[in-house]
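K.L.:
Before anything else, here's the structure in question.
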Amino acid sequence: MVRSVIATPAGGVADHLRDGVNGIAYPPFDVDAMANAIVELTLDYDRRRQLSEGARRTALALDWESELDRLDASYRAVLNRTHAALSDQPTDIFENVAAR
């Protein structure tokens, strides 16, 4: 069975959805765009298969280690910016954690 992704590029979906490569992206709350994407893929098997294969390649390229590294880097960046804004000291709040 061939399945394709039709989604709004928000949250974690935005990190991986590539419109026309591994799925179809539509604007948030745009019901007409979502319906058009559903109709398009229902009527076009080759397009549906192409997007399905792209989605599979994307999924196979992901691994927990790299995703956790990305998440960790995001959290560290936010925490460091918050710490710097509150203390007026642009330091890495994690620099002493590894030494413990």
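The values are calculated or read from the model by the stated rules, or taken from the named source; none is laboratory data. Please read all numbers here as calculations on a predicted model, not as lab measurements. Positions of Cβ are backbone-derived with ideal geometry, glycine not excepted, and every protein chain shown enters the neighbour counts.
K.L.:
Quick check on ARG18: is it touching a residue at least 12 places away in the same chain (Cβ under 8 Å) and in contact with a Phe, Trp or Tyr (Cβ under 7 Å, 6 or more places away or on another chain)?
P.N.:
On the way: touching a residue at least 12 places away in the same chain (Cβ under 8 Å): yes; in contact with a Phe, Trp or Tyr (Cβ under 7 Å, 6 or more places away or on another chain): no.
No, not satisfied.
K.L.:
When both residues are 6+ apart or on different chains and their Cβ atoms are under 6 Å apart, which pairs have a first residue that lies in segment 56-73 and is closer than 21 Å to ARG18 by Cβ, and a second that is surrounded by 10 or more Cβ atoms within 10 Å (Cβ to Cβ)?
P.N.:
Listed pairs, sorted by first residue: THR58/HIS16; THR58/ASN22.
K.L.:
While we're looking at this one, here's another question. Got at least one residue in segment 57-74 being at pLDDT 90 or above and surrounded by 14 or more Cβ atoms within 10 Å (Cβ to Cβ)?
P.N.:
Yes, the conditions are met somewhere in segment 57-74.
K.L.:
Of the numbered conditions (1) in a strand (DSSP E or B); (2) modelled with pLDDT under 90, ILE93 fails exactly one; give the number of that condition.
P.N.:
(1)
K.L.:
Next question. Looking at ALA84, ALA14 in this structure, which one is under 14 Å from the mean Cα position of the chain (by Cα) and in a helix (DSSP H, G or I)?
P.N.:
On the way: ALA84 fails: under 14 Å from the mean Cα position of the chain (by Cα).
Exactly one of ALA84, ALA14 is under 14 Å from the mean Cα position of the chain (by Cα) and in a helix (DSSP H, G or I), namely ALA14.
K.L.:
Going through segment 42-79 one residue at a time, which ones are under 16 Å from the mean Cα position of the chain (by Cα) and among the basic types (Lys, Arg)?
P.N.:
ARG56, ARG57, ARG70
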